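The values are calculated or read from the model by the stated rules, or taken from the named source; none is laboratory data. This is a predicted model, so every value here is computed, not measured. Every residue, glycine as well, gets a Cβ built from its backbone with ideal geometry; the counts of neighbours run over all protein chains shown.
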Amino acid sequence: MPDIRQTSFDIIHRLRATRSRAEVYAELRAAGRIFGYDAFLIGGLPQTEAEGLLDCAMITGWPDAWSRRYHCQGYLHQDPVIRQIRRTTEPFLWTDAARLHEDPNGARVMDEARGFGLRDGFCVPFHDLDGREAGVSFGSDRLSLSEDERAGLHLVAIYAMSKARAVSALRAKGEFEPPGGLTDREIECLKWSAAGKSAWDTGQILAISSRTVEAHLASAARKLNAVNRVQSIAEALRRGIIA
Amino acid sequence: MFKLISGQDGSEDPNLMDKVYRFRHDFFVEHLKWEACRKPDGREIDAFDTPECYHVVGLEGDEVVSYSRLLPTTRPHLQTHLYPEILKGAPAPSGPRIFEWTRCAVAPSKRESSRGADAVSGPSFTAVAEAAEFLGLEGLLVQTHPILVSRLMTFGWDVEALALPCPYDGSTILPICARLMPETIDTHRQVFGLSGSVLDIDTFDLPRRRRIEAPRRRSA
């Protein structure tokens, strides 16, 4: 494999530029060909009895048949991977979780997963300040990760989770409107402008000339059909391009 | 209440700095068992506590309850001088508007659970973001556990990983540059339910403060 460090950073760079669930999904699909996983799931852990794993899933690339089976059988309460997420902050292999939480019910979940092409997996746990847990899990028919690949996939999982949360939050707010073709730099200038910074201030912050800032803001105004900066900011706020 | 104290000003308030160094010793040596930092007088001070560093101190009455230290990257700092191997040869940003966030601590007695949804942790993170903005910083270098990396993103920092996570001292560590964005402080306030500023800027010695004047290019 070529330099896995660089490959991981390339994936992260693309993940950071994603703006929708579909784009995050596509990036993770593509990354699977590099790291050798076939399926992935990004989701929170249910905090109440009434919730299932799929209710809390943010982005799922899991086999449908397995998701349905898992849900119907209530495997959430037996899955050693779920139990391990709740007790560690370090990434782990599914097979290691199964060894740590050895019991017949857990073993049956792992056995059945194998039948759906999920022989082993790599899971990155997340623990929020408010006590909520979440995880990114990568499953495969044949998973073999070097130390560097583990570290790379760990980092990919962190950025995938962050993006999944961000796009889910936008969806929850009902903001589906595309950003109107604004560039990242134009959006950044608008944000600083909305924060009360002058073109000169913004230029200092972004290490570009104030004239360039003015040009970005003018271009943003055109794309937003705004006649001045105040209207640009108002329109960008309304469309959820800036918050 | 949170105070921002420059290393220079700290020398004029030896009582407060004494409490700060004792708090650091209690936390990092006694609680986290960083034996290499143990000092016979119970005050954890090192070569990086210079007049050029900044202390963000959380106080409840006279008691220190949280702490963070900001080190200038234009001088020796931990990433360059203590564990450069974490970067695995990758370049790290530096310059007058990049500081390094070290020695982040919240008094264990103030943390209601090990997961940290308590009354001090949130404001102490917010105080660091406010201090960074007040000092006109562009971003902070941090070497931390990956779990904190996703939290910083949730708090509104733009986090750039500088190297892959690696095992360090029985845990995992990752060097990052967390950049202050226009929405970073508001996001902190939303996440932690804060109505306004937590950093008591009035106590900062205004005539003698050294705001960073000369911006440098990001790629510095």
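Of everything in region B:126-147 that is touching a residue at least 60 places away in the same chain (Cβ under 8 Å) and more than 23 Å from residue A:188 (Cβ to Cβ), the residue that is surrounded by the most Cβ atoms within 10 Å (Cβ to Cβ) is B:127. Among the conditions (1) over 30 Å from residue A:195 (Cα atoms); (2) not aliphatic (A, V, I, L, M); (3) not in a helix (DSSP H, G or I), residue B:118 misses just one, which is (1). Checked against (1) touching a Phe, Trp or Tyr at 6+ places or on another chain (Cβ under 8 Å); (2) outside any strand (DSSP E or B); (3) within 29 Å of residue B:190 (Cα to Cα); (4) not charged (D, E, K, R), residue B:102 passes all but a single condition, namely (2). For region A:122-147, the tally of residues that are more than 14 Å from chain B (Cβ to nearest Cβ) and not in a loop (DSSP other than H, G, I, E, B) stands at 4.
For the criterion of being surrounded by fewer than 21 Cβ atoms within 10 Å (Cβ to Cβ) and under 13 Å from the mean Cα position of the chain (by Cα), residue B:104 passes.
Going residue by residue through region B:128-148, is there one that turns out to be modelled with pLDDT under 90, within 13 Å of chain A (Cβ to nearest Cβ) and within 19 Å of the chain's Cα centre (by Cα)? Within region B:128-148, one or more residues are modelled with pLDDT under 90, within 13 Å of chain A (Cβ to nearest Cβ) and within 19 Å of the chain's Cα centre (by Cα).
Could you list, in sequence order, the residues of region B:46-96 that are outside any strand (DSSP E or B) and among the hydrophobic types (A, V, I, L, M, F, W, C)? It would help to see each step written out before you state the result.
At the first step, the residues of region B:46-96 found to be outside any strand (DSSP E or B) are B:46-53, B:61-62, B:73-96.
Correct list: B:47, B:48, B:53, B:78, B:82, B:86, B:87, B:90, B:92.
Only one entry in A:27, A:90, A:23, A:49 is at negative phi, out of contact with any Asp or Glu (no Cβ under 7 Å at 6 or more places or on another chain) and modelled with pLDDT under 85, namely A:49.
Look through B:43, B:24 and report the one residue that is charged (D, E, K, R) and either surrounded by 17 or more Cβ atoms within 10 Å (Cβ to Cβ) or closer than 20 Å to residue B:110 by Cα (or both). Before you say what the answer is, go through the steps one by one.
Values: B:43 fails: either surrounded by 17 or more Cβ atoms within 10 Å (Cβ to Cβ) or closer than 20 Å to residue B:110 by Cα (or both).
Result: B:24 is the single residue among B:43, B:24 that is charged (D, E, K, R) and either surrounded by 17 or more Cβ atoms within 10 Å (Cβ to Cβ) or closer than 20 Å to residue B:110 by Cα (or both).
Just wondering, is there one or more residues in region A:72-83 that are of a type in the set (Gly, Ala, Ser), farther than 25 Å from residue A:25 by Cα and more than 14 Å from every other protein chain (Cβ to nearest Cβ)? Full working, then the answer.
Let us first name the residues in region A:72-83 that are of a type in the set (Gly, Ala, Ser), namely A:74.
From what is left, the residues that are farther than 25 Å from residue A:25 by Cα are A:74.
Filter once more, keeping what is more than 14 Å from every other protein chain (Cβ to nearest Cβ): A:74.
Yes; the residues of region A:72-83 include at least one that is of a type in the set (Gly, Ala, Ser), farther than 25 Å from residue A:25 by Cα and more than 14 Å from every other protein chain (Cβ to nearest Cβ).
Within region B:183-192, the residues that satisfy the criterion of being in contact (Cβ under 8 Å) with a residue 24 or more places away in the chain and farther than 13 Å from residue A:191 by Cβ are B:188, B:189, B:191, B:192.
Of the candidates A:90, A:112, the single residue that is touching a residue at least 24 places away in the same chain (Cβ under 8 Å) and more than 12 Å from chain B (Cβ to nearest Cβ) is A:112.
Is it fair to say residue A:153 is in a helix (DSSP H, G or I) and more than 29 Å from residue A:243 (Cα to Cα)?
Working: in a helix (DSSP H, G or I): yes; more than 29 Å from residue A:243 (Cα to Cα): yes.
So residue A:153 fits the description; yes.
On the basis of being at negative phi and touching a strand residue (DSSP E or B) at 6+ places or on another chain (Cβ under 6 Å), does residue B:23 make the cut? Spelling it out, residue B:23 is indeed at negative phi and touching a strand residue (DSSP E or B) at 6+ places or on another chain (Cβ under 6 Å).
A quick yes/no check of all residues on (1) in contact with a helix residue (DSSP H, G or I) (Cβ under 9 Å, 6 or more places away or on another chain); (2) modelled with pLDDT of 90 or more; (3) among the hydroxyl-bearing types (Ser, Thr, Tyr):
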| position | (1), (2), (3) |
| --- | --- |
| A:8 | yes, yes, yes |
| A:57 | yes, no, no |
| A:70 | yes, no, yes |
| A:77 | yes, no, no |
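The set of residues in region B:168-180 that are surrounded by fewer than 18 Cβ atoms within 10 Å (Cβ to Cβ) and either at the interface with another protein chain (Cβ under 9 Å from one of its Cβ atoms) or small (Gly, Ala, Ser) (or both) comprises B:170, B:171.
Could you say which residue among A:196, A:152 is of a type in the set (Gly, Ala, Ser), within 14 Å of another protein chain (Cβ to nearest Cβ) and in contact with a Leu (Cβ under 9 Å, 6 or more places away or on another chain)? Before you say what the answer is, go through the steps one by one.
Numbers: A:196 fails: in contact with a Leu (Cβ under 9 Å, 6 or more places away or on another chain).
The unique qualifying residue is A:152.
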